[in-house]
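Notes to accompany the following structure.
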Amino acid sequence: MNLAKVMQVEVCAIHAIGSTEGINNSTYGAIYIEDYYNTKRQALKTWAGTFTNTDEFKNIEVSTICDVGAVSNVLSKYIDANPVDLLIMGTMGATGISGLFGSNVSSMVEKTKTPTLIIPLESKFSMNPIVTLATDFSSTLSKEDANSLNKLLAASKAEKLDVLNIVEDPQWKTNKAGEESLSKQVTGKLDFKYISESNTTEGIMNYIVSSKTDILCLVKHHHNIIYRIFNRSTVNQVMNRSIKAVLVLHE
């Protein structure tokens, strides 16, 4: 809601009802399942109202949708039928899931090309965030995702975007072609960081801790660093102590 306020956008809160949720193995249960669905829909509206009924968020337009099906299917259905600038999903953090990508978030990151902001349970929104884009300069942001990133940076009043490139060769200093390409897509100040580290994943993790990164941005493409990062059991620990959110972008 804070993000919607500064970006001046509408919000749609979506809840997926499991296809077997609320159904008993009886005729009575089947007959009254629609009552169960209506109860869930009203509960979501009531929950949204706890925010929209406050002075802080009273001017933000919020709609709610309850649909039946798997989370990824329900969200994909909505995205296909409506213009969506940013998909926001929460993650419980270190709750036994092996890595961040082990649940509904994983499915959506695989399915959608919509910029996806993944927010840990205890994170808090802050203005002037430290935003880091980890990249190997092997891909170019899509026009839509570059626009979303620019809107987020401008609305949150981020002073700059840290662009992190972990290099295994200590002799490698800069990637001028990559810098020029990214500079054409992202407005505002870019601060390019080149860090020599034999393990790319550890290099990124160490940087986001030392820099106190609030939002880590990653560009998703086939078999790139995003998969190696989020398939590690240590990620949730790092998320809980250092990162407030992860923004997944697409080429």
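The values are calculated or read from the model by the stated rules, or taken from the named source; none is laboratory data. Since we're looking at a predicted model, the values are computed, not measured. Cβ atoms come from the backbone with ideal geometry, glycine included; neighbour counts cover every protein chain shown. Ligands, DNA and RNA are excluded from the accessible area calculation, which covers all protein heavy atoms including side chains. Shrake-Rupley method; radii C 1.70, N 1.55, O 1.52, S 1.80 Å.
At-a-glance table
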| read-out | value |
| --- | --- |
| Cα gyration tensor shape of region 157-205, rounded if a/c is under 1.5, else prolate or oblate by comparing a/b with b/c | oblate |
| Rounded, prolate or oblate (a/c below 1.5 giving rounded, otherwise prolate when a/b exceeds b/c) for region 52-210 by Cα gyration tensor | prolate |
| Backbone N under 19 Å from the A177 label point (7 Å along Cα→Cβ), restricted to region 129-155 | 135-142 |
| Added length on full extension, which subtracts the Cα-Cα distance from 0.36 nm per residue, Q185 to D67 | 38.8 nm |
| Accessible area per residue in Å² at 1.4 Å probe, computed on region 125-201 | 54 |
| Under Karplus coefficients 6.51, -1.76 and 1.60, residue-wise ³J(HN,Hα) of region 2-9 in Hz, glycine/proline x | 4, 5, 4, 5, 6, 8, 6, 10 |
| Cut-off 15 Å, label 7 Å out along Cα→Cβ of D169, residues of region 176-198 by amide N | 176-178, 195-198 |
| Accessible area of D80 in the full protein assembly, 1.4 Å probe (Å², nearest 10) | 130 |
